[in-house]
Amino acid sequence: DVKVTQSSRYLVKRTGEKVFLECVQDMDHENMFWYRQDPGLGLRLIYFSYDVKMKEKGDIPEGYSVSREKKERFSLILESASTNQTSMYLCASSLSLVTGSYEQYFGPGTRLTVT
Amino acid sequence: GENVEQHPSTLSVQEGDSAVIKCTYSDSASNYFPWYKQELGKRPQLIIDIRSNVGEKKDQRIAVTLNKTAKHFSLHITETQPEDSAVYFCAATGFQKLVFGTGTRLLVSP
């Protein structure tokens, strides 16, 4: 059973703080993704990674960066948190795009509030 | 890049009725179309998917149809039950990633 875990379920930070969100998957998946979920806007891709130390911008990368130093771990970084980054953040992983295994497994989400 | 539109944004049905959610996509190269269900407070989970070489796929009370020519695909839920109440997301493959629709909130009333 695939397990994707996220470091926090709820997080409250102040404007200007540096914020780290961590995601770990235990199924040796090649691809990992970070989304934010806002009402009426669906799941919007922030960044994704298809290999260690590789990263690709998604649809809304501004204000975010990522790090993937190990295959199982993908971190999302908010360099200077702002109130418009208050949202639910979801991590996901998938086996391999090369083999056509597109199914994504999601983590439980981190609800981040920036005050 | 790929763009996915999903309708309706909300759908209310009576228990036992059918529900249909529709999505359109823009990139004719997309070849994989999953549907995810997200119950309140939980993570999205895959419920059914279809690949571009198949026109229809069924799994018990849920089915997905794909029209490649028109670039749209639909989720059909028959004999709805209260536990079907959730937000449903469609998606289509873009380059190396999935592009999601904005979601449909389905409410099934007993």
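Rule-based calculations on the coordinates, nothing more; no lab input. None of these values were measured; they are calculated from a predicted model. All Cβ positions, glycine included, derive from the backbone under ideal geometry; neighbour counts span all protein chains shown.
For the reader, a short list of remarks on this structure follows.
- Gain on full stretching of the segment that runs from B:Arg61 to B:Glu39 - 0.36 nm per residue minus C-alpha separation: 6.2 nm
- Relative contact order of chain A, defined on C-alpha pairs under 8 angstrom at six or more residues apart (%): 36
- Two-site label geometry, B:Glu5 and A:Met88: point separation in nm, points 7 Å out along Cα→Cβ: 2.5
- Distance between segment A:22-83 and segment B:45-69 - C-alpha centres, whole angstrom: 28
- Spacing of the two label points (7 Å from each Cα toward its C-beta) at A:Lys18 and B:Asp17, in nm: 5.3
- Here the average projected area of the convex hull drawn through the C-alpha atoms of chain B stands at 6.5 nm².
- Net charge of neighbours whose Cβ lies under 13 Å from the Cβ of A:Arg68, counting Lys and Arg as +1 and Asp and Glu as -1: -1
- Cα gyration tensor category, rounded, prolate or oblate, for chain A with a/c compared to 1.5: prolate
- When the C-alpha to C-alpha distance is required to be over 19 Å, the pairs from A:Lys3/A:Lys55; A:Lys3/A:Lys71; B:Lys22/B:Lys58; A:Lys3/B:Lys57; B:Lys22/B:Lys57 that qualify are A:Lys3/A:Lys55; A:Lys3/B:Lys57.
- Applying both filters, DSSP loop and at most 15 other Cβ atoms within 10 Å, to the GluC sites (Glu not before Pro) of segment B:17-110 gives B:Glu39, B:Glu79.
- For the protein assembly as shown, radius of gyration divided by Kirkwood radius, i.e. Rg to Rh on alpha-carbons: 0.97
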